[in-house]
Structures are given as structure tokens and as C-alpha cells.
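Asker: After the C-alpha cells below, expect a handful of questions from me.
The values are calculated or read from the model by the stated rules, or taken from the named source; none is laboratory data. In this text the structure is predicted, and so the values were computed from the model without any measurement. Using ideal geometry, Cβ is built from the backbone for each residue, glycine included, and neighbour counts are taken over all protein chains shown. Accessible surface is based on the protein model in full, side chains and every heavy atom, while ligands, DNA and RNA are left aside. Shrake-Rupley method; radii C 1.70, N 1.55, O 1.52, S 1.80 Å.
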Amino acid sequence: IGNPGTTRTMAKKGRAFKGPDPKSLRGDACYFYRDMGAGSYGGDVNCLQQFLNRKGYLKEDPTGYYGEKTEQAVSSWQKSNSIKPANGVLGLASRVLYAKKQRLPVPGREDFGSTSGESKKVCIDVCSEFGGVQDCETRCVRSEKDKVHACKESCQIAFSAACDRAYPPSAPGGPENYKLCLKYLSQSCEETCAVYR
């Protein structure tokens, strides 16, 4: 599996927790691996909404769906941070600024924190399972110190994909169950990735 010089680590699964810790719903560690705008949905959108809500830009509970109110909130955040254009689309400039302010790896770089002389990649696989089906994601880094970031990004993507598959919008109660599922994302990923701190 993988390229020569690549090590893979599987994050532990099966950790039980009682429910979402309110402190985990702050949007402090969102990994934005893609541009987002109206019509986007997922765990990254939910995390963005938590952040915007905590900062006072968004006045509604996170849904995981990037609609008009989220677009307006992002535009306000962009204006207050001198990002141009302040169009409500979370593009690369906005993602980079968020990452820098939160002291996270800058998105858009192939390898978080690579240094000359290091050629070995460390890859982290994280799987989330609902209803007997696993959704898995892999992220690779060149620096051992960034394994926790690779784990959290992988977890955010896998967990939100599992929520999406388990609670599609067309199913009865789908949107509400999806929102509830995403409330567990941050805490679950914190606990899953604790082994890399």
C-alpha cells in the first residue's frame, strides 16, 4: 500500500464518548481542504459555521449546509479581515488566513511542515463507521510533528462522509439527524487523534 518511503498508521477506532462536549463545538480547528460556497455541505462547512457563530458573524446554529446566511457571514468575516474579494466564498486566501490565525498548517501545500533532508512521508488513515459501512480518508505529511494535523483532517472528512451517507437529506429526518451527527465530529476527532499529540 502506498509509495516506498511511506508509513501508514491507522487511528484507533471504537472509542466511546458520552456526547458532544460544548467546548468541541467552537470551530477552532477546521481543516479546509477545498473552496466552499453556496451549495457546499459537509463537516468542514459545519466547522466553519461553528467558528462564524462563535465570532458573532452567524446567528443560527450550524447545519453543515452552506446557504445564504453562511455566505453573508463569510463575507462579513472577509471584510473585517481585509480579504478581497469579500464575496462570501471561502477560497484559498480565506482558508490560508483562517489556518494562520488558528495556528494550523496552511492549506494548499502538499506537505505540512516539510524540511529539507526529510524524504519519508507519514500517512494517517482514519475510518468512521455507521451502520456497518466504513468511510475512510488518508492524509500524508513529511514531518512527524504534523501527524496530529493529518489525523484530524482525515477524521473530519471521513466522519462527515459517514454522516452524509447515514443521514441523506432525502431521508425522513435526514437534515436534522445530519446536523446531530456532525455535532459529534470535533470531539470524536479529538479523541481519535489524541494518540498523535
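Asker: Output the number of the condition that residue 5 fails; it satisfies all remaining conditions of (1) open to solvent by less than 50 Å² (accessible area, probe 1.4 Å); (2) at pLDDT 95 or above.
Answerer: With (1) open to solvent by less than 50 Å² (accessible area, probe 1.4 Å); (2) at pLDDT 95 or above applied to residue 5, the lone miss is (2).
Asker: Being surrounded by 24 or more Cβ atoms within 10 Å (Cβ to Cβ) and polar (S, T, N, Q) is the filter here, so list the residues in the range 42-65 that pass it.
Answerer: 46, 49
Conditions (1) modelled with pLDDT of 80 or more; (2) in contact with a strand residue (DSSP E or B) (Cβ under 6 Å, 6 or more places away or on another chain), marked per residue:
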position	(1), (2)
77	yes, no
83	yes, no
96	yes, no
103	yes, no
110	no, no
115	no, no
134	yes, yes
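Asker: Tell me, please, whether a residue that is touching a helix residue (DSSP H, G or I) at 6+ places or on another chain (Cβ under 7 Å) and of a type in the set (S, T, N, Q) can be found in the range 173-184.
Answerer: No, the range 173-184 contains no residue that is touching a helix residue (DSSP H, G or I) at 6+ places or on another chain (Cβ under 7 Å) and of a type in the set (S, T, N, Q).
Asker: Something else now. Tell me the residue from 189, 151 that is open to solvent by less than 40 Å² (accessible area, probe 1.4 Å), within 15 Å of residue 42 (Cβ to Cβ) and in a helix (DSSP H, G or I), please.
Answerer: Of the residues listed, the single one that is open to solvent by less than 40 Å² (accessible area, probe 1.4 Å), within 15 Å of residue 42 (Cβ to Cβ) and in a helix (DSSP H, G or I) is 189.
Asker: Restricting attention to the range 128-139, which residues are open to solvent by less than 50 Å² (accessible area, probe 1.4 Å) and either of a type in the set (A, V, I, L, M) or more than 14 Å from the chain's Cα centre (by Cα) (or both)?
Answerer: Of everything in the range 128-139, just one residue is open to solvent by less than 50 Å² (accessible area, probe 1.4 Å) and either of a type in the set (A, V, I, L, M) or more than 14 Å from the chain's Cα centre (by Cα) (or both), namely 135.
Asker: While we're on this one: Given the conditions (1) open to solvent by 40 Å² or more (accessible area, probe 1.4 Å); (2) among the β-branched types (Val, Ile, Thr); (3) in a strand (DSSP E or B), which single one is not true for residue 195?
Answerer: (3)
Asker: Determine whether the range 165-180 contains at least one residue that is open to solvent by less than 20 Å² (accessible area, probe 1.4 Å) and either part of a helix (DSSP H, G or I) or under 19 Å from residue 45 (Cα atoms) (or both).
Answerer: Within the range 165-180, one or more residues are open to solvent by less than 20 Å² (accessible area, probe 1.4 Å) and either part of a helix (DSSP H, G or I) or under 19 Å from residue 45 (Cα atoms) (or both).
Asker: Something else: Return the residues of the range 94-106 that are outside any loop (DSSP other than H, G, I, E, B) and either surrounded by 13 or more Cβ atoms within 10 Å (Cβ to Cβ) or touching a Gly at 6+ places or on another chain (Cβ under 6 Å) (or both); say none if nothing qualifies.
Answerer: Result: 94, 95, 96, 97, 98, 99.
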